[in-house]
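Shown next, in structure tokens, is the structure this report addresses.
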Amino acid sequence: MNQFVSPAKSLNGVVVLPGDKSISHRYGLLGGIASGVTTIHNYSTGADCQSTLGCMQALGAVVERKEDKLLIHGASLHEPAAQLDAGNSGSTIRMLSGILAGQKFTSRIGGDESLSGRPMDRVIKPLTQMGARIEGSAIAGRNENFPPLTIHGHGLNGQPLHGIDYTPPMASAQVKSCVLLAGLFAEGDTIVREPIQTRDHTEIALKDFGADMELAPRTITLHGGAKLEGRELMVPGDLSSAAFFLVAALLVPEADLIIRNVGLNPTRTALLDFLASLGASIKIIDVKQSGGELIGDLRVRSSANGLTGGVIAGAQTAALIDEIPALSVLGAASEGGLTVRDAGELRVKETDRIATIESNMRRMGIQIESTPDGFHIPGRQKFRAAEIHPAGDHRIAMAFSVAALAADGPCTITEAECAGVSFPEFFATLQAIVG
Ligand code: S3P
């Protein structure tokens, strides 16, 4: 589906976001294995989080939708009748693999074409060390560590999983979470030591559901065998989705937006710090806490003076990894441009995001130089109207829709439906605030 986006002179109004994608996945997974009922308010409407629910249902959990709530009746999981479908969702396949490794049956899990090209050795390795047996699939000219995965859980050889002390070789919340979820079903302690702090929603949710664990800075120790109990939970709005509206307000000359009930977990708010460091005016109002997560409203207004440029590198790259597509758009319009380093992980997201950012910037007449693990975009550039090709990547579709608001004419976003992976209401929300 093509979506047309015209230049905007002003943006005004209130933005309501879908529930946070990362937190929704975790509540969906834990609700499915906890005893009793888990009631979730504001569960993400994105297709990725529906994939997680679909998998949990195929494994025996019962999911009911009541008004704006989701009720999950947890279960002892059973062998699924068919291959589990993670769709486009790396979080689903990687985190659920940890749970599947702890079951007494064999399961197979795969997804769409994009997911089938994403590396799974990062979860196969630690789960194998814990005692699971996992067979990946080969893709042309590469090794056998890609989806679909066949996961022979513990117990098949008469031996339960055993805890490990694991330091992931890359900054990845999905890998950390996968190992911790497997640790729930393992004998002994599972320890994950993070080289760089990543989002800690799994730790917060596990504690809330009753897992037996200790948290120290960047080290999590989980004692196997605890019984999880269903909970009533509220999912905050997704700050990674708010990023598109924050950048839009900073690009369009007359903008004043309120973004409601946004998740403000400190492991996610590097975005707000980075924007403030460029000179952006963003106010946080009304912070409250729910299920161990912080929630607040944001007010963003166009900046009276231009924004400076910046560099994203090291630990900051890991903390901003999902926001880099949106920030690249802001970088081109800023005074000093944007340099991104240490972002090799962008090459293995839903698309090779360094490549899809580069090709779409070029379509819009923007200069950009890429490197193996980043890019540089000089500042003070003007977006030319163009046809955008997101290659099925939701964050690329939304980032360049925002660039289109500042272009010199109407733009066409092809395959715009891919925004629905995290934010099905994105274009309607955008339309409602454009003056
Ligand atoms: C996520 C972790 C990140 C992020 C993804 C969601 C999560 O991936 O890019 O969108 O929910 O844990 P990695 O763990 O691969 O860095």
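The values are calculated or read from the model by the stated rules, or taken from the named source; none is laboratory data. In this text, all values refer to a predicted model and were calculated from it rather than measured experimentally. All Cβ positions, even for glycine, are placed from backbone atoms using ideal geometry, and neighbour counts span all protein chains on display.
S303 meets the conditions (1) modelled with pLDDT under 95; (2) buried (at least 22 other Cβ atoms within 10 Å of the Cβ) in every case but one. The failed one is (2). What about L338, is it crowded, with 20+ Cβ neighbours inside 10 Å and not β-branched (V, I, T)? Spelling it out, L338 is indeed crowded, with 20+ Cβ neighbours inside 10 Å and not β-branched (V, I, T). The strands (runs of 3 or more DSSP E) found entirely in region 12-96 that carry 1 or more residues being acidic (D, E) are 62-66. If only residues of region 22-50 that are touching a strand residue (DSSP E or B) at 6+ places or on another chain (Cβ under 8 Å), of a type in the set (S, T, N, Q) and within 13 Å of the ligand (Cβ to nearest atom) are counted, the one that is farthest from L181 (Cα to Cα) is S44.
When every residue of region 360-376 is checked against the conditions, none turns out to be buried (at least 23 other Cβ atoms within 10 Å of the Cβ) and under 20 Å from N88 (Cα atoms).
Restricting the search to region 370-420, which residues are without any contact (Cβ under 8 Å) to a residue 40 or more places away in the chain and either of a type in the set (S, T, N, Q) or in the same structural domain as M170 (by TED's automatic domain parsing) (or both)? S370, T371, listed by residue number.
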